[in-house]
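Some notes on the structure that comes next.
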Amino acid sequence: AQGAPPFSCPPYSVFKAWQCPVMILFQLFGWLFLVLGAIGIVLPVWPTTGFWILAALCFARSSPKTRDWIYSRPGVGPVVEDFVEHGRLSRKAKIGAVVGMTIAMGICTYTLWGRPIMFYSAIGLIAIGMIVVTTRPEGQA
């Protein structure tokens, strides 16, 4: 008989998250991203939505209750849910993300200009983020 792959876990309803090592990692990263996103609530230059999208993706199988709690947050919750469940971003969210990434590119250019590896790495990652954001289908506002 074939055994289960080493990193697979049964559906969430069959086990407790702590019984599966992969789910523990998803839980840890989910909480990390949730906390990092919460910083953005009080620090305007910090991207709350991006981190909470990552948190919701981590909690999708490891803790559906926490994922649903993120979805129920006013303001950011519906944006996160629309992206995670349907892969969509509203035009307003796209514009905000691209403006934020453009500002980040400017800051990177100013602070990393003399360090080419770090500079091109940062600009490349931001460019990938811009491509991901701008190629998403448009959702509701």
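Amide H neighbours of Gly139 under 5 Å, at least 5 residues apart or on other chains, H built in the peptide plane: list them.
Excluding prolines and chain starts, which carry no amide H, the hits are Leu89, Ser90, Arg91.
Using the Karplus equation 6.51 cos²θ - 1.76 cosθ + 1.60 (θ = phi - 60°), what ³J(HN,Hα) coupling, rounded to whole Hz, does each residue of segment 59-71 give in order, writing x for Gly and Pro?
Once θ is set to phi - 60°, the couplings for segment 59-71 become 7, 3, 9, 7, 7, x, 5, 5, 4, 5, 5, 4, 4 Hz.
How are the C-alpha pair distances of the chain spread across 10 Å bins, as whole percents from the shortest bin up?
11, 33, 31, 18, 6, 1
Set the Förster radius R0 to 25 Å, insert the Cβ-Cβ distance between Lys92 and Ile123 as r into 1/(1 + (r/R0)^6), and round the FRET efficiency to 0.05.
Here the calculated transfer efficiency is 0.50.
In whole percent, how big is the carbon plus sulfur part of the accessible area of the chain, probe 1.4 Å, protein atoms only?
Details: 6690 of 9370 Å².
Within the chain, the accessible surface is 71 percent carbon and sulfur.
What ³J(HN,Hα) values, in whole Hz, does the Karplus curve 6.51 cos²θ - 1.76 cosθ + 1.60 give for segment 82-99 when θ = phi - 60°, with x put for Gly and Pro?
4, 6, 5, 7, 10, x, 10, 10, 6, 4, 4, 5, 4, 4, x, 5, 5, 4
The values are calculated or read from the model by the stated rules, or taken from the named source; none is laboratory data. Computed from a prediction, not measured in an experiment: that's the story for all the values here. Backbone-built Cβ (ideal geometry, glycine too); neighbour counts: all protein chains shown. Please note that ligands, DNA and RNA were not included when accessible areas were found on the heavy atoms of the full protein model with its side chains. Shrake-Rupley method; radii C 1.70, N 1.55, O 1.52, S 1.80 Å.
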